[in-house]
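The values are calculated or read from the model by the stated rules, or taken from the named source; none is laboratory data. Since the model is a prediction, treat every value here as computed from it, not as a measurement. Please note: Cβ atoms are built from the backbone with ideal geometry, for glycine as well, and neighbour counts cover all protein chains shown.
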Amino acid sequence: MTSPQRSSYEVVIIGGGVIGLFTAHFLSQHMDPGKILVVDRGFATGGASGRNGGGVRQQWETRATIRLARESVEFYRRFGRDFGYNPWFRQGGYLFLAFTEEEVITLRRMETGVRSEGLPIRYLEPSSVLDVVPDLDVRSVRGATYLASDGVILPFPVVWGLLASLKERGVEVLYRTAVRAIDSDGHQVRAISTEGGRISTPKVVNAAGGWSREINLMAGVPTITHPTLHEILATEPLTPFLDPMVVTLSRGTYFSQTMRGEVVGGLTMDHSRSTRTGLYSSREFLVEMSKELNRLVPRLAEARILRAWSGYYDDSPDGLPLLGEDPKLGGFFHANGFGGHGFMLAPSATRRVAQMVLGQKTDLDPAWISPARFSKPGEARTVEGLSLG
Amino acid sequence: MSGSGELRPLKNPAPPMKGGMIDIVFNGRPRRIIGGVSLAQALSQAGTRVFARSLKYRRPRGPFCGQGQCAGCHVRLNGVPMVRSCLVEPRPGDRVVTEAGWPSTRYDLFAVMDWIFSGGMDTMRGFNRPLALRPAYLSLVRKFSGLGHLPDAAPAALPPPTAVAVDVLIIGGGTAGTAAAQLIRRQRPSTRLMVADRSRGEDNVVFLSPGDDGQFRSIVSSPRRSALLVSASKIIVATGTYDAGLPFRGSDLPGVFTGDGLVRLHSDPSVPLFQRLAIFGGNAHTLSLLDAWKERICLLASPWELAPEVRRRAQTLGIPVREGVAIASAEGRNWIRAVALVHRTTGQTESFRLDGLVLSHRDLPQVGLLFQAGARMHWRNGAAAYFPEINERCETSVPGVFAIGGVAGFCTEADSRESGERAALAILEGDGTLGLPIRDPQSGPALLDRRVHREGPCPMLDYQTDFLRVLGSKKVILCPCEDVTLQELERVVSDGWETSLEVAKRLTGVGMGLCQGRYCMPDAVLLLAALSGRPPSDIGFFTQRPPVWPLRIGDLAGGK
């Protein structure tokens, strides 16, 4: 627990993961960095920012997501040069696999959208899939899409680079300091109480990821996002044989190979009925993921799992994040609900969040991204169908 | 110091050589090696010194721990990469390949990396500029990644994992585990009991977790068949201890072994593999090592005063003894040939020529499964390690999970046995009153008090503090699996990062390698404490991730 240096700040960001840190980064370019505070109850990289598989893709159904992702790819390509920390962003592509005709239609539709954004996505017949991943078992594959500029990033250096840069600019970041309460007069945020003391502030950003629901409860605003436990594993490091991230549409199984050579992958398990709390790895996941890896790359059967771990996704009902000011509580901004895709969208999404916090206009369609979209129940909403993996 | 209770014999020393020779194909050429021993032992005796190369600096790697948990002795065996050669017996016709290095593992031109980056390379902050060179850096570094090629072929058919339900699962068949098993079998023969002991090469419990239904879930692997998915109502963890590693310059050279590693790898002193062995430390294995290797031992050195009986034995055998010393460095190219000692108070240095160095200075509890089961752990200064909190029934903070023997901090045979019996009785009597027919209830707290070194001074922290004073600028490999240097750990502190083990792990990669921190984490805690001035108990820990030993994907993948 640490106490903040000041008793009042212009903006307090709750959550010291990539979303919070990137938001602080963009804010600090337009305001006094000394008046920004980032608080986090854990340690840097302790949440999803240090637990994700590092996938960065531009293959999405919704146009705005494609644009945000594309901007992120450019940002991450330059991250090492600009921040001095090397995230080893390797653009080996993303390969989406369809196993049914229905999935082929989904991929074809996505392909059209991505291509219309000017990205050189390719639709592959099963035989051409082998040109991309020779060791894949394509016998039941019906079709695939492939975009070579998608890639995989090492998450930790992004967090370290951001922290180093924020420190240099004079932005205060406090870890191991929990937020206890958010005070408002019912319409407008006034202050927050932390373990390290009370801080008055007119603006709070909820960038707490898997804990965004708890922060919403503290603020007394409707809870739309909720955390789900996701598991992931890494094999022993193998000589490179796999260039892209491979994703199956049916189960959201994904796997790629890191710069160390480990095959890192996961799939979505339903833990909603589990009584366990906290982070854990389940036996069921190890079994299911082994079956999937063996089914997709049979030669992996003799390879070994080195370690498995877990983290929280912050899910939203439509697979799209919540970005912007809360419709009921003034000064309370959302930057959450990324559903497991916060890392890949962070640089571009948080740039807009910073604009909104500063009261500027953004190029985002509020109907798509604003937290207010959930206040009108009857209305048809855009849904991101490819929020998987 | 640690483990300085009574001296125990090793559970499973390497078998004496049966003399039969077998023919294998080694790196494409026929080679005749000894059968009936581990492949690591057989290859070593046939002259193989470098089994593998490290990831970053291409430093030579050879057998070290003898129990399948380091990154030293892995080879490609019959098309399967990274098989720990210390865990398998060779069979006639085996195809063995050492995969690292060009043109060969022994003479690797890329080992020049070690020389170019003699102060260490910074993969976190380097290779960033200019932007135009980024693709070249990426493909170059990627070329060096991985420790072995994808397996040659997929197995024809995979048998599905077998589900097994038992009442009690005992993990480890040493003194404590056996005592618990015997008592349960005698008192209640109807108990469905499973004793899994990895040292016999099978029944290795790699996963343990509480389930939703009050049963514990575990995965038990063995080299011969698909995994067992075991459900158990009660768990007794009796996984024992292992000998620690120690960072110094050259500590990762082939020819440096842990004490239990040497005994598992080379039991037969009549084989002329070592002419001049040095032993560092006086823990439980030292006496038996002295007796086994006698005149081939050129030095017994220790960070602190040796137990009188150990010192006497060395003197009787005419072995030079040095006490209160630290290892500053080891020299050698592909094999250790000299070691430099520095006296911890006088600072005097002394060099010894040798061809083998055995680390026997302290043993560590094998606690991975306890961390995973969610048991509350606490740091003990004396032993400089994390142990489970247990009550007088030897039950951990997780109801139904018991910890006995060495892993719970019991040193002597008698205490280990008693801890096993206490756990067994607690299980047999359910959750009712603790009536101990064997020992009076008052002895419970006394037993707990006899666990290793609870609080107080931390001799191993003092050792690392002394060592840091003689540390030069040349890199010291702290984590041999991932080539993380001690200097990188120093930078965590000097750059002002949070000095917790969790943060250090994600900044440097320490503990993320094949041993999952078994050989680097205990020293990383001490070094971070020494560098930051915080007590070791404040540095925290990271949990070993499941599986606690690497698990074949095919062991789980069979069936629908």
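Tell me the residue from B:R185, B:R142 that is assigned to a helix (DSSP H, G or I), without any contact (Cβ under 8 Å) to a residue 12 or more places away in the chain and surrounded by fewer than 20 Cβ atoms within 10 Å (Cβ to Cβ), please.
Values: B:R142 fails: surrounded by fewer than 20 Cβ atoms within 10 Å (Cβ to Cβ).
Exactly one residue qualifies, and that residue is B:R185.
Name the strands (runs of 3 or more DSSP E) wholly inside the stretch A:270-379 in which the number of residues that are more than 21 Å from the chain's Cα centre (by Cα) and at pLDDT 95 or above is 2 or more.
Working: elements: A:304-315, A:322-325, A:332-336.
Result: A:304-315.
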> Can you name the residue in the stretch A:163-183 that is closer than 21 Å to A:T225 by Cα and touching a residue at least 60 places away in the same chain (Cβ under 8 Å) and is also surrounded by the fewest Cβ atoms within 10 Å (Cβ to Cβ) among such residues?
Replying inline: A:A178
> Can you name the number of the only condition in (1) assigned to a helix (DSSP H, G or I); (2) in contact with a helix residue (DSSP H, G or I) (Cβ under 8 Å, 6 or more places away or on another chain); (3) more than 12 Å from chain B (Cβ to nearest Cβ) that A:V73 fails?
Replying inline: (2)
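Would you list the helices (runs of 4 or more DSSP H) that sit entirely within the stretch B:452-560 and hold 2 or more residues that are aliphatic (A, V, I, L, M) and at the interface with another protein chain (Cβ under 9 Å from one of its Cβ atoms)? Steps first, please.
On the way: elements: B:459-470, B:486-494, B:501-508, B:521-532, B:536-539, B:553-557.
Because the criterion is at least 2 residues that are aliphatic (A, V, I, L, M) and at the interface with another protein chain (Cβ under 9 Å from one of its Cβ atoms), the helices (runs of 4 or more DSSP H) in the stretch B:452-560 that meet it are B:501-508, B:553-557.
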> Looking at A:G265, is it within 14 Å of chain B (Cβ to nearest Cβ), of a type outside the set (A, V, I, L, M) and crowded, with 20+ Cβ neighbours inside 10 Å?
Replying inline: yes
>> Tally up the residues in the stretch A:9-26 that are surrounded by 24 or more Cβ atoms within 10 Å (Cβ to Cβ), in a helix (DSSP H, G or I) and of a type outside the set (A, V, I, L, M), please.
In response: 4
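Which residue, of A:S281, A:S250, A:S256, is more than 8 Å from chain B (Cβ to nearest Cβ) and surrounded by fewer than 23 Cβ atoms within 10 Å (Cβ to Cβ)? Even if it seems obvious, please write down each step before you answer.
On the way: A:S281 fails: more than 8 Å from chain B (Cβ to nearest Cβ); A:S256 fails: surrounded by fewer than 23 Cβ atoms within 10 Å (Cβ to Cβ).
Only one candidate qualifies: A:S250.
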> Taking the stretch B:522-553 on its own, how many of its residues are surrounded by 22 or more Cβ atoms within 10 Å (Cβ to Cβ) and free of Cβ contacts under 8 Å to residues at least 24 places away in the same chain?
Replying inline: 1
>> Taking the criterion of being surrounded by fewer than 19 Cβ atoms within 10 Å (Cβ to Cβ) and away from chain A (no Cβ under 14 Å), would at least one residue in the stretch B:69-91 satisfy it?
In response: yes
>> Please go through the stretch A:66-118 and give me each residue that is among the hydroxyl-bearing types (S, T, Y) and over 25 Å from A:E384 (Cα atoms), ordered by number.
In response: A:Y85
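Got at least one residue in the stretch B:147-168 being assigned to a loop (DSSP other than H, G, I, E, B), among the charged types (D, E, K, R) and within 14 Å of chain A (Cβ to nearest Cβ)?
Start the filter on the stretch B:147-168 by keeping residues that are assigned to a loop (DSSP other than H, G, I, E, B), which leaves B:147-161.
Then drop every residue that is not among the charged types (D, E, K, R), which leaves B:152.
With the extra rule that they be within 14 Å of chain A (Cβ to nearest Cβ), the set shrinks to B:152.
Yes, because at least one residue in the stretch B:147-168 is assigned to a loop (DSSP other than H, G, I, E, B), among the charged types (D, E, K, R) and within 14 Å of chain A (Cβ to nearest Cβ).
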> If you go through the stretch A:288-314, how many residues are within 22 Å of B:C515 (Cα to Cα), touching a helix residue (DSSP H, G or I) at 6+ places or on another chain (Cβ under 7 Å) and more than 7 Å from chain B (Cβ to nearest Cβ)?
Replying inline: 0
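Which residues, taken from the stretch B:266-288, are surrounded by fewer than 24 Cβ atoms within 10 Å (Cβ to Cβ) and either basic (K, R) or under 27 Å from B:F410 (Cα atoms) (or both)?
Kept after step one, since they are surrounded by fewer than 24 Cβ atoms within 10 Å (Cβ to Cβ), are these residues of the stretch B:266-288: B:267-276, B:287-288.
Passing the criteria: B:S267, B:R276, B:L287, B:S288.
On the basis of being modelled with pLDDT of 95 or more and either of a type in the set (V, I, T) or crowded, with 21+ Cβ neighbours inside 10 Å (or both), does B:R61 make the cut? Let's see the steps before the verdict.
Numbers: modelled with pLDDT of 95 or more: yes; either of a type in the set (V, I, T) or crowded, with 21+ Cβ neighbours inside 10 Å (or both): yes.
For B:R61, the condition - modelled with pLDDT of 95 or more and either of a type in the set (V, I, T) or crowded, with 21+ Cβ neighbours inside 10 Å (or both) - is met.
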>> With at pLDDT below 90, farther than 30 Å from B:P210 by Cα and over 27 Å from the mean Cα position of the chain (by Cα) as the only criterion, which of B:W115, B:W102 stands out?
In response: B:W102
> In the list A:G143, A:G84, A:G42, which residue meets the criterion of being crowded, with 17+ Cβ neighbours inside 10 Å and either under 20 Å from the mean Cα position of the chain (by Cα) or within 21 Å of A:R352 (Cα to Cα) (or both)?
Replying inline: A:G42
